[in-house]
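Report on the following structure.
The values are calculated or read from the model by the stated rules, or taken from the named source; none is laboratory data. Because the structure is predicted, anything quoted here is derived from the model rather than measured. Every residue, glycine as well, gets a Cβ built from its backbone with ideal geometry; the counts of neighbours run over all protein chains shown. Heavy atoms of the whole protein, side chains included, go into the accessibility calculation; ligands, DNA and RNA do not. Shrake-Rupley method; radii C 1.70, N 1.55, O 1.52, S 1.80 Å.
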Amino acid sequence: MQIFLAEKLVLFAVPKTGSTALEVATRSRASIILRDNNGDRHIGVRGYARRWAPFLKRSYDFQGEGVAVIRDPVERLGSWYRYRTRLDPSRNQRSTREISFEDFIEAVLEGNGKVAESTGSQHSFLTDTAGKIGATHLFSYDAFEQAIAFLKDRLDTPLMIERKNVSPEMQLDASLELIGRLRDARADEFALYDRVAESGYLHTPPA
């Protein structure tokens with residue numbers, strides 16, 4: 001997560017949505033940068049409201065608009081799967097090198113073991129405890145250029161976007177029955193993504 005005090009923006013880093021590329025491109029303009037070593041880089045809306053919003057309000061009279069990218073849930077799990085094929089299964093229990101994509105989805109559905117750990121739900125990441133969307137500006141991963149244009153305009157700076165933390169390319173297949181089960185289990189996430197993907201951008205005025 002990166003915070004831009006003057007521009008009143010909070011850039012949420014939803015995992016596997018191109019967040020690293022956006023962070024690198026905007027880093028020089030950020031007032032506060034949360035990194036992996038403090039555990040808050042991938043903090044969601046609820047954690048931000050609990051741990052950071054009160055501090056920022058008290059210290060800087062800051063109340064910013066959240067910005068985030070959301071990705072098709074199946075494609076995002078595919079990215080997690082491909083990324084974890086790089087891990088050595090003898091050293092890391094999150095490795096997917098020795099299982100199929102379908103097995104990975106099954107593990108996610110069942111919350112089964114390390115292999116599915118930390119994949120998370122984008123709906124949970126982006127909503128508060130009442131289920132209200134906590135990011136003012138939501139962009140679809142498939143309309144990434146809209147997110148770039150928005151940040152370029154709000155930060156009033158040219159942005160150089162480079163692909164970062166890219167998962168290996170590979171063909172992934174899953175049955176329609178399994179994808180249907182995933183849709184049922186994560187109906188809120190799919191519904192939110194579908195709303196954003198309709199035009200590539202969703203504006204939700206802050207409360």
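Please work out which residue is least open to solvent (accessible area, probe 1.4 Å), limiting yourself to the range 72-88 and to residues that are under 19 Å from Gly18 (Cβ atoms) and outside any helix (DSSP H, G or I).
Asp72
On the given criteria, is Glu110 acidic (Asp, Glu) and within 19 Å of Gly180 (Cα to Cα)?
Yes: the conditions hold for Glu110.
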Looking at the range 69-88, is at least one residue in contact with a Gly (Cβ under 7 Å, 6 or more places away or on another chain) and over 30 Å from His203 (Cα atoms)? no
Every residue from the range 48-71 that is part of a loop (DSSP other than H, G, I, E, B) and crowded, with 19+ Cβ neighbours inside 10 Å: Phe62, Gly64, Arg71
Which residue is farthest from Ile43 (Cα to Cα), if the candidates are limited to the range 1-11 and must be of a type outside the set (Gly, Ala, Ser) and open to solvent by 10 Å² or more (accessible area, probe 1.4 Å)? Glu7
